[in-house]
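Right, one structure below, let's go through it.
The values are calculated or read from the model by the stated rules, or taken from the named source; none is laboratory data. Fair warning: this is a prediction, and the values are worked out from it, not measured in the lab. FYI the Cβ positions are ideal-geometry reconstructions off the backbone, even for glycines, and counts take in every protein chain you see.
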Amino acid sequence: MKREDFLKKGFNSLIGFVAILPIIDACKSSSVDPTTTTTTTGTGSTNGNSASNCTVTNNETEGPFPTKVPTSLVVKDIRSDRTGVPFAFTITIKNANSSCGTLAGALIDVWHCDKDGYYSEYGGTGMQAKDFTSVHFLRGRQVTDTNGQASFQSIFPGWYQGRATHIHVHIYSATGKSLLVTQIAFPEATDSAVVAVNASTANGYSKGMSGYTYNAKDNVFSDGVANELGTVTGSVAAGYSLTHTIVVSA
């Protein structure tokens with residue numbers, strides 16, 4: 001079974017909030033502040049901007065590579081030993097049942113592939129030949145602040161056959177109740193970050209766009225990304241930032 005063939009469906013799970021492991025800073029590349037980059041390269045969804053524009057974000061598949069024990073990865077810098085174009089992202093959680101007010105204290109788990117399209121915690125199978133079962137790069141958990149926000153430091157995701165560039169997100173209530181599993185899509189215009197990064201061989205992105213699966217053909221996003229498209233700003237030289245609002249029913 002290939003990764004691009006898995007069925008599109010959501011997974012719900014209940015995971016408690018347990019002891020925090022030490023944050024390990026194993027990467028020396030520079031950080032990007034999501035609030036200071038101003039060069040716009042792709043505008044995303046406006047969903048959640050107001051009570052009248054507040055639709056629960058699409059539920060998407062969690063698999064095939066969900067984080068196995070997310071509560072052990074409470075960390076803001078999720079890079080570990082992965083290298084690539086610096087990338088920071090901030091997610092805002094809003095509650096459709098509270099006039100689209102921000103949701104503080106929610107647990108946000110995120111994970112995405114590295115610049116070569118590989119996931120940690122998996123491998124050695126037909127889905128992913130390269131074995132990364134013993135490492136945990138590009139996975140992390142944060143708790144939303146009083147503004148309903150949580151931020152992560154990472155590297156710009158790569159891509160693999162059958163999927164567009166994306167980030168996986170699983171949101172829980174403060175008590176560990178699963179609220180939503182979704183994914184974040186990226187703008188793909190000719191001047192987009194996706195195109196610029198994948199042309200950056202100096203940063204190790206060797207695939208380019210040849211064989212890339214665009215959102216419109218992606219088996220998760222092909223039904224539309226109106227509520228799942230992030231806003232991306234920045235440059236290859238300075239790094240990129242993404243902001244995105246996710247609406248849940250809490």
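For the range 222-235, the set of residues classified as surrounded by 18 or more Cβ atoms within 10 Å (Cβ to Cβ) and either touching a Lys or Arg at 6+ places or on another chain (Cβ under 9 Å) or farther than 29 Å from ALA96 by Cα (or both) consists of GLY234 only.
When the strands (runs of 3 or more DSSP E) confined to the range 56-151 are screened for residues that are more than 21 Å from PHE221 (Cα to Cα), touching a residue at least 40 places away in the same chain (Cβ under 8 Å) and in contact with a helix residue (DSSP H, G or I) (Cβ under 8 Å, 6 or more places away or on another chain), those reaching at least 2 such residues are found at 139-143.
If only residues of the range 108-133 that are aliphatic (A, V, I, L, M) and over 14 Å from the mean Cα position of the chain (by Cα) are counted, the one that is farthest from LEU180 (Cα to Cα) is ALA129. Among the residues of the range 78-107, those that are within 19 Å of TYR172 (Cβ to Cβ), surrounded by 23 or more Cβ atoms within 10 Å (Cβ to Cβ) and either of a type in the set (Val, Ile, Thr) or at pLDDT below 95 (or both) comprise ILE78, ILE91, ILE93.
A quick yes/no check of all residues on (1) within 19 Å of TRP111 (Cβ to Cβ); (2) surrounded by 20 or more Cβ atoms within 10 Å (Cβ to Cβ); (3) modelled with pLDDT of 95 or more; (4) over 18 Å from the mean Cα position of the chain (by Cα):
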position	(1), (2), (3), (4)
ILE184	yes, yes, yes, no
ALA199	no, no, yes, yes
SER206	no, no, yes, yes
SER210	no, no, yes, yes
TYR214	no, no, yes, no
VAL220	yes, yes, yes, no
GLY239	no, yes, yes, no
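Criterion first (surrounded by fewer than 20 Cβ atoms within 10 Å (Cβ to Cβ), more than 19 Å from ARG141 (Cβ to Cβ) and within 14 Å of the chain's Cα centre (by Cα)) does GLY63 satisfy it? Considered against the rule, which asks whether it is surrounded by fewer than 20 Cβ atoms within 10 Å (Cβ to Cβ), more than 19 Å from ARG141 (Cβ to Cβ) and within 14 Å of the chain's Cα centre (by Cα), GLY63 comes out as no.
The combined condition, being surrounded by 20 or more Cβ atoms within 10 Å (Cβ to Cβ), in contact with a strand residue (DSSP E or B) (Cβ under 9 Å, 6 or more places away or on another chain) and more than 27 Å from VAL195 (Cα to Cα), is not fulfilled by ILE155.
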